[in-house]
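This report concerns only the one structure given below.
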Amino acid sequence: DVKVTQSSRYLVKRTGEKVFLECVQDMDHENMFWYRQDPGLGLRLIYFSYDVKMKEKGDIPEGYSVSREKKERFSLILESASTNQTSMYLCASSPGGPAKNIQYFGAGTRLSVL
Amino acid sequence: KQEVTQIPAALSVPEGENLVLNCSFTDSAIYNLQWFRQDPGKGLTSLLLIQSSQREQTSGRLNASLDKSSGRSTLYIAASQPGDSATYLCAVSSSNDYKLSFGAGTTVTVRA
């Protein structure tokens with residue numbers, strides 16, 4: 001079974017702090033994704049990566065950056081956390097080739113910025 | 001840009017009733033469509049994947065249909081059970097694109 005692991009289920013941070021959300025997948029997938037999920041808005045793509053050290057902006061990249069130094073790990077960074085970044089964050093991965101659209105999700109990190 | 005809509009946002013039914021969940025999308029040039037289940041505070045679990053060439057897909061009590069020309073998919077859950085209570089999301093992928101466009105979901109409550 002594919003496993004996508006997010007390092008924290010719940011995080012509470014203060015405004016202005018630098019926040020790291022970590023995601024690890026164990027299936028050697030090429031592609032990894034970060035989403036945020038807010039009530040009534042569904043999942044919105046923040047960033048994705050199709051290879052080590054490669055990244056592309058999604059629909060809402062402002063205020064976020066990402067890092068992918070190793071194939072299995074994809075980190076989301078909030079450079080200076082703000083209250084409007086309080087949300088549920090979901091990481092996903094997918095293989096390359098024809099199955100690239102089939103994404104496997106982690107359990108999510110619920111982040112509260114106070 | 002692909003827009004995905006799920007109506008209603010919430011649904012409550014008595015146990016044993018069949019569930020019908022709707023998903024509509026604006027661009028019919030899709031690669032596939034997926035239905036996911038999300039339990040409160042949890043990640044997403046894939047339920048069914050329908051390729052653009054398919055009309056329907058079945059798994060146990062679940063059946064999903066796809067009508068590309070009208071931009072609609074329907075998820076049917078037969079003989080609902082309290083354990084079916086969750087949020088159901090549909091997601092569409094466009095041709096040659098990694099990205100999925102998600103609906104906001106329908107939250108289902110099955111009353112015992």
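Taking the conditions exactly as written (surrounded by fewer than 16 Cβ atoms within 10 Å (Cβ to Cβ), over 27 Å from B:Gly105 (Cα atoms), in contact (Cβ under 8 Å) with a residue 40 or more places away in the chain and not hydroxyl-bearing (Ser, Thr, Tyr)), does A:Asp28 satisfy them or not?
yes
Give the residue that is modelled with the lowest pLDDT, with candidates limited to residues of the stretch A:55-90 that are surrounded by fewer than 16 Cβ atoms within 10 Å (Cβ to Cβ) and among the acidic types (Asp, Glu).
Of everything passing the filter in the stretch A:55-90, A:Asp59 is modelled with the lowest pLDDT.
Pick out, from the stretch A:25-109, the strands (runs of 3 or more DSSP E) lying fully within it that include 3 or more residues that are within 11 Å of another protein chain (Cβ to nearest Cβ).
On the way: elements: A:31-38, A:42-51, A:54-57, A:64-70, A:73-78, A:87-94.
So the answer is A:31-38, A:42-51, A:87-94.
Kindly provide the set of residues from the stretch B:37-50 that are more than 8 Å from chain A (Cβ to nearest Cβ) and not charged (D, E, K, R), ordered by number. Explain how you work it out, then say what you get.
From the stretch B:37-50, those more than 8 Å from chain A (Cβ to nearest Cβ) are B:37-40, B:47-48, B:50; that's our starting set.
Result: B:Gln38, B:Pro40, B:Leu47, B:Leu48, B:Ile50.
List the residue pairs whose Cβ atoms are under 8 Å apart, where the first residue sits in the stretch B:21-48 and is within 15 Å of B:Leu100 (Cβ to Cβ), the second is exposed (fewer than 14 other Cβ atoms within 10 Å of the Cβ) and of a type in the set (Gly, Ala, Ser), and the two are 6 or more positions apart or on different chains.
B:Ala29/B:Ser95; B:Ile30/B:Ser95; B:Tyr31/B:Ser95; B:Leu47/B:Ser59; B:Leu48/B:Ser59
The values are calculated or read from the model by the stated rules, or taken from the named source; none is laboratory data. The structure displayed is predicted, hence computed values, not measured ones. Positions of Cβ are backbone-derived with ideal geometry, glycine not excepted, and every protein chain shown enters the neighbour counts.
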